[in-house]
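The structure appears right after this line, and notes come after that.
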Amino acid sequence: MLRISQLNIGFKNRPLLKSAFSDNFERGSFIGIIGRNGSGKSTFLRHLAGLSSPLSGQIFLDDIEYRDYSPLSLAKKLSWVGTERLLYNYLSIEEMVSLGRHPHLFFGGQLNSKDKEIVVDAIKKMGIEHLSKKLLSECSDGEKQSAVLARAFAQDSSVILLDEITAHLDFVHRHKSFTLLKNLAHHERKLIMLATHEIDLSLRYCDELLVLHNGVFNRVKPADIQNSNFLDDIFEGFLKY
């Protein structure tokens, strides 16, 4: 459903990839994108989200090229959670999560009963029902991150792209988030792609890893690298798993 054809990314006269990248990613998969700092993980994910234009190549979603989607049509199919700072301090968590329904609203912008059910369900998925009326300005970084993830769930898209969403979560909530993402991908047939530095959690929960190193992508299954030196070489011997 997400098809990448001869893609190269980066900046003018400074491509990040050594050669053009092509691949297909299907629904029902939880993909971890890992690599060293500066390798291009976030840049790649921003291209998949349609936020940056590729140096070359094309990206297709359901066999339609990105440039043929309107922003609203793409937002119905694809949701994005980046590392940008939240600027909605005087919204409640419930109101913040409700923003995920905006691509689906008809003229007038009012949530109907179905929209409200989806918002409540997204909040429940993240286990933050008790915080639903709390203002974002009163929330911890971890609570805000949970609200942003719930907003992506409320968007109810077939593709969810996430960049470092566990950065402000504690040990328990990192594991819960990875478990939730895996279950969501499998049970609701979504394609979830997460750029992360959580190598240990990626090996445990992701279906596949997309490893970006020295301008080259390697797509591998966690079971195939558990007992190899592949990741150890990339992370200079500091990775123990």
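Within the range 84-138, being in a loop (DSSP other than H, G, I, E, B), without any contact (Cβ under 8 Å) to a residue 24 or more places away in the chain and either loosely packed, with under 11 Cβ neighbours inside 10 Å or acidic (D, E) (or both) holds for E84, R85, L87, F106, F107, G108, G109, Q110. Being assigned by TED's automatic domain parsing to the domain that holds T166 and small (G, A, S) is a property that S79 lacks. Pairing each residue of the range 194-223 that is touching a residue at least 12 places away in the same chain (Cβ under 8 Å) and more than 16 Å from S42 (Cα to Cα) with any residue that is assigned to a loop (DSSP other than H, G, I, E, B) and among the aromatic types (F, W, Y), provided the two are 6+ apart or on different chains, yields C-beta distances under 7 Å for D200/Y241; L203/Y241. Please go through (1) within 21 Å of N183 (Cα to Cα); (2) crowded, with 17+ Cβ neighbours inside 10 Å; (3) modelled with pLDDT of 95 or more for Y69 and return the number of the only condition it doesn't satisfy. Condition (1) is where Y69 drops out.
Among the residues making up the range 99-135, those that are within 22 Å of the chain's Cα centre (by Cα) and farther than 19 Å from L184 by Cα are L99, H102, P103, H104. Kindly establish whether F21 is among the aromatic types (F, W, Y), modelled with pLDDT of 95 or more, under 19 Å from L210 (Cα atoms) and under 18 Å from the mean Cα position of the chain (by Cα). For F21, the condition - among the aromatic types (F, W, Y), modelled with pLDDT of 95 or more, under 19 Å from L210 (Cα atoms) and under 18 Å from the mean Cα position of the chain (by Cα) - is not met. Inspect the range 125-133 for any residue being hydroxyl-bearing (S, T, Y) and either over 27 Å from E95 (Cβ atoms) or at pLDDT below 95 (or both) and give the result as yes or no. No, the range 125-133 contains no residue that is hydroxyl-bearing (S, T, Y) and either over 27 Å from E95 (Cβ atoms) or at pLDDT below 95 (or both). Of the residues making up the range 205-230, those that are surrounded by 15 or more Cβ atoms within 10 Å (Cβ to Cβ) and part of a helix (DSSP H, G or I) are Y205, P222, I225, F230. Restricting attention to the range 157-204, and to residues there that are of a type in the set (A, V, I, L, M), part of a loop (DSSP other than H, G, I, E, B) and within 23 Å of V119 (Cβ to Cβ), which single residue is modelled with the highest pLDDT? Only one residue fits best here, namely I165. Take the conditions (1) modelled with pLDDT of 95 or more; (2) buried (at least 18 other Cβ atoms within 10 Å of the Cβ); (3) under 23 Å from L78 (Cα atoms); V148 misses just one of them, which is (1).
Of all residues in the range 31-53, those that are without any contact (Cβ under 8 Å) to a residue 12 or more places away in the chain and touching an Asp or Glu at 6+ places or on another chain (Cβ under 9 Å) total 0.
The values are calculated or read from the model by the stated rules, or taken from the named source; none is laboratory data. Since this is a predicted model, take the numbers as computed values, not measurements. We place every Cβ from the backbone using ideal geometry, glycine too, and count neighbours over all the protein chains shown.
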